[in-house]
Every structure is written in structure tokens, then in C-alpha cells.
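Here's the structure, in C-alpha cells; my notes come after.
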Amino acid sequence: MSALAGLPIPVQTIGLLIASNVFMTVAWYGHLRSLSARPWYIAALLSWGIALFEYLLQVPANRIGYGHFSLAQLKIIQEVITLAVFMPFAVLVMNEPIRLDYLWAALCLMGAVYFIFRS
């Protein structure tokens with residue numbers, strides 16, 4: 001993580017959370033496409049292996065960001081990133097149709113961002 005040390009704390013935090021979310025999304029949902037014919041415990045073991053990388057990025061991200069951001073702000077940042085990573089994954093990897101509901105969900109999160117960061 002020392003390569004990130006020169007970057008501003010928000011950039012370090014958000015960058016690590018984006019990378020963490022990519023691993024999280026693949027761990028949570030990737031098996032639905034690639035391992036659907038395999039027993040669930042195979043998918044679970046593979047997902048746990050992928051999730052390890054999520055935690056190796058998410059824990060430092062929250063430790064770096066906490067203090068600069070409040071706990072609630074870190075959580076809302078995480079939720080916004082989760083949706084921003086999930087939407088392209090659902091469409092590009094899982095071949096889900098683009099839905100207007102994604103826009104409505106994003107607008108709701110923008111409201112959450114406003115209320116958490118307004119003070």
C-alpha cells in the first residue's frame with residue numbers, strides 16, 4: 001500500500017474501495033454464471049477465496065479513510081461504489097438488461113450522500 005501513500009486520503013480510500021468492490025461483486029455473483037452447474041459448496045469455496053482479496057483491500061481502505069471520513073460517510077461511499085460497480089457487472093458480465101431501476105436506485109443514493117455529507 002506504500003505506493004498509495006503520496007495520494008490524498010479520499011483518493012486512497014475510494015480507489016481501494018472500488019478495487020475491493022470489484023472482487024466483492026465477482027465473489028458474490030460471478031459463480032451464478034460460471035459455476036451454475038457445480039455444487040454450491042464449490043462456488044462457496046471459490047467465492048471465499050475471491051472475497052479474501054476484497055477484505056485485503058477493504059480493511060485498509062476503511063482504516064485509511066476513517067478519521068478523514070466519518071463512519072456513516074464511509075458506509076455511504078461504500079454503497080455508492082457498490083452500485084456503480086454492480087450495474088456494469090450486471091449488464092456486461094451477467095447479460096442483464098439495462099433497467100431504469102438502476103437510475104432510481106442511484107438517485108436514492110445521491111439523496112443519502114447529501115444527507116450524510118451535508119454537515
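A short reminder: the numbers here are calculations on the coordinates, not readings from a lab. Only a predicted model underlies this, so the values are computations on that prediction, with no experimental measurement involved. Heads up, the Cβs are rebuilt from the backbone with ideal geometry, glycines too, and the neighbour counts pull from every protein chain shown.
On full extension of the chain, what length is gained from Y29 through L52, given 0.36 nm per residue of separation minus the C-alpha to C-alpha distance?
Details: separation 23, 0.36 × 23 = 8.28 nm, distance 1.51 nm.
Here the answer is 6.8 nm.
Ranked for footprinting exposure by Cβ neighbours inside 10 Å, fewest first, T13, T25 give T25, T13. Using just its DSSP H runs of length 4 or more, each adding -39500 (n - 2.57), the chain gives a mean residue ellipticity at 222 nm of -23500 deg cm²/dmol after division by all residues.
Calculation over all alpha carbon pairs of the chain in 10 angstrom steps from 0 returns a P(r) of 13, 36, 34, 16, 2 percent.
Out of every Cα pair in the range 57-119, what percent are spaced more than 19 Å from each other?
On the way: 797 of 1953 pairs.
Value for the range 57-119: 41 percent of Cα pairs lie more than 19 Å apart.
Extension gain, A72 to A105: 0.36 nm times the residue separation minus the Cα-Cα distance gives 10.0 nm.
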